[in-house]
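Heads up, the thing below is written out as structure tokens.
The values are calculated or read from the model by the stated rules, or taken from the named source; none is laboratory data. Bear in mind that the values here come from a model prediction, so they are computed numbers and not experimental data. Cβ placement follows ideal geometry from the backbone for every residue including glycine, while neighbour counts extend to all protein chains displayed.
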Amino acid sequence: MSVITYREAVSSMLREALDEDERVFLMGEDIGPYGGAFAVTQGFTEKYGKKRIKDSPLAESVIVGAGVGAAMAGLRPVVELMTINFSLLAMDQIVNHAAKIRYMSGGQFSIPLIIRTVTGAGASVGATHSQSFEGWYASVPGLTVVTPATPSDVIGLFRSCRELNDPVMFVEHILLYGTRGEAPAASDYRIPIGKADVRRTGKDITLCGYSRMANVAEQAAGILDEEGIEADVIDLRTLRPLDSETLVNSVKKTHRALMVEETTRIGGFAGELVAQIQEDAFDYLDAPIARVAGAEVPMPYSYPLEQLAIPSADAVAAAARKLVNGS
Amino acid sequence: MSVITYREAVSSMLREALDEDERVFLMGEDIGPYGGAFAVTQGFTEKYGKKRIKDSPLAESVIVGAGVGAAMAGLRPVVELMTINFSLLAMDQIVNHAAKIRYMSGGQFSIPLIIRTVTGAGASVGATHSQSFEGWYASVPGLTVVTPATPSDVIGLFRSCRELNDPVMFVEHILLYGTRGEAPAASDYRIPIGKADVRRTGKDITLCGYSRMANVAEQAAGILDEEGIEADVIDLRTLRPLDSETLVNSVKKTHRALMVEETTRIGGFAGELVAQIQEDAFDYLDAPIARVAGAEVPMPYSYPLEQLAIPSADAVAAAARKLVNGS
Amino acid sequence: MLKAADVPDLTKTDLLGFYRQMKLIREFERESERQYTRGNIKGFLHVYNGEEAIAVGAINTLREDDYIVTHYRDHGQALARGLGSNEVMAELMGKATGCSNGKGGSMHLFSSDLNFMGGYAIVGGQLCIAAGIALAVQYKGDDQVVLCFFGDGAVNEGEFHEAMNLAAIWNLPVIFFCEHNLYGMGASSKETLVMWDSLHEMAAAYGMDRYEVDGNDVLEVRDLMQKINADVRAGKGPAFVVARTYRLRGHSVADPADYRPDDEVQYWAGQDPIPRFREWLTTEGIATEEDFDEIDASVDEQVVIAAEFGESSPWPDPQDLYDGVYTDRPTEGIPASSN
Amino acid sequence: MLKAADVPDLTKTDLLGFYRQMKLIREFERESERQYTRGNIKGFLHVYNGEEAIAVGAINTLREDDYIVTHYRDHGQALARGLGSNEVMAELMGKATGCSNGKGGSMHLFSSDLNFMGGYAIVGGQLCIAAGIALAVQYKGDDQVVLCFFGDGAVNEGEFHEAMNLAAIWNLPVIFFCEHNLYGMGASSKETLVMWDSLHEMAAAYGMDRYEVDGNDVLEVRDLMQKINADVRAGKGPAFVVARTYRLRGHSVADPADYRPDDEVQYWAGQDPIPRFREWLTTEGIATEEDFDEIDASVDEQVVIAAEFGESSPWPDPQDLYDGVYTDRPTEGIPASSN
Ligand SMILES: Cc1ncc(C[n+]2csc(CCOP(=O)(O)OP(=O)(O)O)c2C)c(N)n1
Ligand SMILES: Cc1ncc(C[n+]2csc(CCOP(=O)(O)OP(=O)(O)O)c2C)c(N)n1
Ligand SMILES: [Mg+2]
Ligand SMILES: [Mg+2]
């Protein structure tokens, strides 16, 4: 088994898509000669040419809108929004168009479009560049939202996303590109869309996260383990459709749950998770479901402040400890 | 006490703002000679002139962005986004700019900007024109989000919003303009921002909603009352800041809670309410907190389908009954 | 004004066909306003009265495999493209037999069979989608053109700029067709666009071919569009067309449009494309009163049938509410009752 | 190239002042790159090397009460406007003494005292804000001008179009100043804008006054801006200025910029505004080597002091995390511990 980086995983999936399917092309800002803001498409223009690697103008709305149109006309575009912060400028195309055209047309047009984008804080790039909007997209009927946290999840989920015929938000995390992990052995490895991953099992508490926070939750579980607290760690992997079944079953076993989320707490997606857990596992709960989330502020640039604002493994462990020891 | 419509309440508050404060001006699409898409600014241009009633080009981003700039330069703009559906085109200015400039500037610049917009479904205007995004805005630090459901709440909340020095999303509901209610007697009537309204009290269950759904919850309470089920009905009135205290105290009394929301369920703001209630009233809950929300689809145009997709008083009453009778 | 001799390729049948389509659109809209008043059509209703020459003149120059994208004022383009008046009327009524199964409504007409890629209700949004369809045509090495309709109001939107710029820099086969009726809802373009009186020149900013045409003259529109289609099909890149026209009615049926100066309204009433074309057909000796009477009668009949079809059509099945959100899976949270 | 005689209003002190500001910006950026390598500056760092003549030439024509809005490449404009090099460096380091209290960082410099309304990191967004500030000036009947900087990449954004259109139709006192350095990050403007070589002409679409200038010639920039300020101040409406220039470094310090052709890089290296101005000052007999040595030394000293100030400044207090979200109330969810 070979070890690869998250970045290599994304790159390899894009190459595979380009190699396997003539209908696939990439479009986005600086994905050409520049190689992508996160160096994911290095050398792509040389290999695939400008026809398939479309370095677009700096215009988010038309990047997504043109992807929607091309998808309606039979292609399978993979467009890139450099970061999810800029997706706000394309939100009309994503929410009012991509997500609704199939339904509004009475099912006549499908939109097989993959929108890759980058979420997350921690890169010291300030309030306008450190946000996490994947939860908003996960609330939109018509969209599919995936949030891979490891190289093999990138691979397994991207392949499955390519088989969908509806718009996908494929949300990568800014701090994960350099992280390493084992590449799946099977060349056709796939992860079903809407299936959470149980990263680790334990009887005392359920820690649930997605994207980078799934890794943070797993680290926290490691800390807790040394104290004799055994945690189930669940990586949702897909926010829409949501695998509440796996989450709920875990809580029915552990009777305690802690949701870990990077975005600010109020109105975050974790609220949805809490709601579903208590709807389906009410009688199993020994304590309120807790949440650890980002501080309720625009992200500050200053390093120590930013570190305070992002959930850490220690903060998660502390919250879990409190939940288990009831103090 | 005089009875006025919700529309008249909004108009009167805009007139009051224009009369009392030279720094106030209105800007938006068709607010001039056309009188506003919902006839709220009829005759305003004649009365106040073009300088203060700025009929803007059809360009949502600059409508809000110009409001932000004008606010930074000492004015107190009240801008209108014709409906919240189009606010997606202004979201960069609302979320990346209006909400963050104060914090990013180290507190040097405040943005006293009121953004009026219209939310809601039920007007048979289809998927792109029937959405409710106020929950998204309520998750953004730096914003204040109010959702008046009655004429007197429009009046009391608007006056309080004018006293704020930070950006406000003043969210009106498309189906409420024609509804009537008593105008507050006091000419300086104000409702504190972040204070929920207990519309009705009962011991058996807490029904909580905001905007039009607060009214629907109240109707449902009427239905339930005839069956001997007494409900507390809470209208949040403000989503950010959120008055969870009033909500939690109600649930501590009734031991059962049902959240009513117009937007689609998954990832809606009701999840936040559920999370906070169970965090603070866990031991008081006799049943899972339930939610009644919009159907998980883009809003269909077809009348009978749209009616099925929107929470009705009957649906709310049915869910409440189930919760109380435990079946 | 063209003479009959200027359009030798058009037979009497073709010309009367244009007249009939324009007349059909007009009467269809009259009927839809009646149906709206009767409550059979709900929500917004934006009629096309006065702009018929544009849809008919432009769309009849397209090939069957060309693409059309338009805005919410879309009944005229749909009918000119050949969507059935029954299916369009049924859609306006939200019936299961509608061209979008009642899900889209008046502002969201679609027909995949006719490459009618949709009416869109977010002003400006469809220009981006049109650019993308054109991108697909270019990518596949095909030679279709994409005809994208929008109004003068849409020119104010950022999405107009982004789509125009992308189409220009990538030389995409798309025709951006602006129905310049002087108003965006209640706002006069004179107060929202400095270039309102030479709007086509805005395309110079993108180095794009640009044209202005009398949008109330069906033959002028057709003539220009034939030339443009040929250029665009030949790979000469996108074009921007501004057709000067006027809404004979308000923005929507709810709008009395009293913000418009009387003389302006008067002037344009005199420019009504249907009487103009009818007069032309007469003076050019192409058609007689009998021809018109016959056509008008058949149009009236078709419209009556459409109304009856719509009214007698069934509502969508309640279960349809949950259908069609995704191609690959059912949507979330379908209540057990409706499974 | 202007001669000394063409700028009679400028004293030797003025001219050497320009030289000093340009030199200060250059050395400040060199130091900030060093600090970045040492890990004292994090995140993105977009330096201004090569574009100094723009900030210095343009901003020195403004009145104290005029407004400046700019993009994330904002160190040069901030220093030219008179923000302290200590406070700017401290901001780059995220220290409490920074001009935005360490909250904003390199891309978000602000100074309310100097009407420096901010550096903005969402490309194109600040044009809308600049239009709004100009709207306030007009509304109050004042005569300030608003100077808004952005890059050629920003011209692609929808917000550029919306802001230009609004400013034009409302005759707002704003100068949209495009720092046309041929690239938007890694994308050559030749491949994103058809009009890249006559970018100022895009303003014709808004009927706006428009100008192109050599952005590497501080006196040319100043000369043009004096004329434009006067017009805008006099109520003649907005203007669009395109200054041709070049980034001597990559987009950010993380960017090797190897996507740029050598000859292009070579050519522009020869256009470096600082040696150019220094040579001019020499040939025009205004300054001597001694003058330059003296200035350069004082600049170096100032930069060293700025670095020391930044490094020795304290981090913001942890409690600051929750301050400044709202004017009127504390933000939500402040952990008890930090109350
Ligand atoms: C983004 C957006 N903003 C506002 C509206 C509301 N609205 C619907 S149509 C319209 C006017 C459009 O005018 P124009 O583009 O000229 O088309 P016309 O109605 O004249 O055919 C407006 C403002 C909308 N649908 N979408
Ligand atoms: C809306 C948005 N899209 C993308 C980015 C990423 N980005 C930051 S700077 C930049 C290039 C801007 O180029 P230009 O406007 O020419 O300014 P320059 O860097 O050349 O000074 C890009 C694409 C962003 N910050 N905002
Ligand atoms: Mg119009
Ligand atoms: Mg540039």
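Of D:V265, D:V242, D:V221, D:V213, which residue is within 21 Å of D:M22 (Cβ to Cβ) and either modelled with pLDDT under 95 or surrounded by fewer than 16 Cβ atoms within 10 Å (Cβ to Cβ) (or both)?
D:V265
Any residue in the range C:138-152 that's farther than 22 Å from A:R23 by Cβ: show its pairings with residues that are hydrophobic (A, V, I, L, M, F, W, C) and within 16 Å of ligand 4 (Cβ to nearest atom) at Cβ separation under 6 Å, as long as the two are six or more apart or on different chains.
none
Within the range C:147-157, does at least one residue satisfy the condition of being more than 16 Å from ligand 4 (Cβ to nearest atom), within 10 Å of another protein chain (Cβ to nearest Cβ) and of a type in the set (V, I, T)?
Checked the range C:147-157: at least one residue is more than 16 Å from ligand 4 (Cβ to nearest atom), within 10 Å of another protein chain (Cβ to nearest Cβ) and of a type in the set (V, I, T).
What's the total number of residues in the range B:247-273 that are crowded, with 21+ Cβ neighbours inside 10 Å and within 30 Å of B:R190 (Cβ to Cβ)?
So the answer is 16.
Looking at (1) more than 8 Å from every other protein chain (Cβ to nearest Cβ); (2) within 16 Å of ligand 4 (Cβ to nearest atom); (3) under 13 Å from the mean Cα position of the chain (by Cα), which is the one condition that is false for D:A78?
(2)
Condition check: closer than 30 Å to D:N101 by Cβ and either more than 16 Å from ligand 1 (Cβ to nearest atom) or in contact with a Phe, Trp or Tyr (Cβ under 9 Å, 6 or more places away or on another chain) (or both). Does B:D92 satisfy that?
Yes.
Which is at the interface with another protein chain (Cβ under 10 Å from one of its Cβ atoms), part of a helix (DSSP H, G or I), touching a residue at least 60 places away in the same chain (Cβ under 8 Å) and out of contact with any His (no Cβ under 6 Å at 6 or more places or on another chain), of D:M107, D:M89, D:M164?
Within the list D:M107, D:M89, D:M164, the selection yields D:M164.
Going residue by residue through the range D:208-223, is there one that turns out to be among the acidic types (D, E), away from ligand 4 (no atom under 12 Å from the Cβ) and more than 23 Å from D:T245 (Cβ to Cβ)?
no
Looking at A:G135, A:G122, A:G107, which is the one that is surrounded by fewer than 24 Cβ atoms within 10 Å (Cβ to Cβ), farther than 26 Å from D:E191 by Cβ and away from chain C (no Cβ under 14 Å)?
Exactly one of A:G135, A:G122, A:G107 is surrounded by fewer than 24 Cβ atoms within 10 Å (Cβ to Cβ), farther than 26 Å from D:E191 by Cβ and away from chain C (no Cβ under 14 Å), namely A:G122.
Say we look at the range C:169-194 and pick out the residues that are assigned to a helix (DSSP H, G or I) and out of contact with any strand residue (DSSP E or B) (no Cβ under 9 Å at 6 or more places or on another chain); which of these is nearest to ligand 3 (Cβ to nearest atom)?
Per the stated criteria, the residue is C:K190.
Considering only the range A:305-312, I want to know if a residue exists there that is polar (S, T, N, Q) and buried (at least 23 other Cβ atoms within 10 Å of the Cβ).
No, every residue in the range A:305-312 fails to be polar (S, T, N, Q) and buried (at least 23 other Cβ atoms within 10 Å of the Cβ).
Can you tell me which residue within the range D:91-118, out of those that are over 19 Å from the mean Cα position of the chain (by Cα) and among the polar types (S, T, N, Q), is nearest to B:Y103 (Cα to Cα)?
Looking at residues that are over 19 Å from the mean Cα position of the chain (by Cα) and among the polar types (S, T, N, Q), I get D:N101.
Pull up the range D:110-129, narrow it to residues that are more than 8 Å from chain B (Cβ to nearest Cβ) and not in a helix (DSSP H, G or I), then point me to the one that is farthest from D:T70 (Cα to Cα).
By that ranking, first place goes to D:D113.
Has the range A:138-147 got any residue that is among the aliphatic types (A, V, I, L, M), more than 14 Å from chain B (Cβ to nearest Cβ), closer than 22 Å to A:V216 by Cα and buried (at least 22 other Cβ atoms within 10 Å of the Cβ)?
yes
Residue-by-condition table, conditions (1) of a type outside the set (K, R); (2) part of a loop (DSSP other than H, G, I, E, B); (3) within 16 Å of ligand 1 (Cβ to nearest atom):
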| position | (1), (2), (3) |
| --- | --- |
| D:R34 | no, no, no |
| D:N40 | yes, yes, no |
| D:N49 | yes, yes, no |
| D:I54 | yes, no, no |
| D:T70 | yes, no, no |
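Is it true that some residue in the range D:277-290 is touching a Pro at 6+ places or on another chain (Cβ under 8 Å), on the phi < 0 side of the Ramachandran plot and part of a loop (DSSP other than H, G, I, E, B)?
no
Answer yes or no as to whether D:V174 is under 18 Å from D:A239 (Cβ atoms), in contact (Cβ under 8 Å) with a residue 60 or more places away in the chain and away from ligand 2 (no atom under 12 Å from the Cβ).
Yes: the conditions hold for D:V174.
What is the residue count in the range A:201-217 for residues that are of a type outside the set (K, R) and more than 15 Å from A:R291 (Cα to Cα)?
So the answer is 5.
If C:A55 satisfies every condition in (1) touching a helix residue (DSSP H, G or I) at 6+ places or on another chain (Cβ under 6 Å); (2) within 14 Å of chain B (Cβ to nearest Cβ) but one, which is the exception?
The single condition C:A55 does not satisfy is (2).
Which numbered condition trips up D:F277, out of (1) closer than 21 Å to D:K3 by Cα; (2) within 16 Å of ligand 2 (Cβ to nearest atom)?
(2)
Pairs under 7 Å by beta carbon, first residue over 22 Å from C:G76 (Cα atoms) and in contact (Cβ under 8 Å) with a residue 60 or more places away in the chain in the range C:245-272, partner of a type in the set (S, T, Y) and more than 16 Å from ligand 4 (Cβ to nearest atom), six or more apart or different chains?
Hits for this filter: C:Y259/B:Y34.
Kindly evaluate A:G36 against the criterion of being within 7 Å of another protein chain (Cβ to nearest Cβ), within 21 Å of the chain's Cα centre (by Cα) and touching a residue at least 24 places away in the same chain (Cβ under 8 Å).
Spelling it out, it is not the case that A:G36 is within 7 Å of another protein chain (Cβ to nearest Cβ), within 21 Å of the chain's Cα centre (by Cα) and touching a residue at least 24 places away in the same chain (Cβ under 8 Å).
Do we find that A:A66 is more than 9 Å from every other protein chain (Cβ to nearest Cβ) and in contact with a helix residue (DSSP H, G or I) (Cβ under 7 Å, 6 or more places away or on another chain) in this structure?
For A:A66, the condition - more than 9 Å from every other protein chain (Cβ to nearest Cβ) and in contact with a helix residue (DSSP H, G or I) (Cβ under 7 Å, 6 or more places away or on another chain) - is not met.
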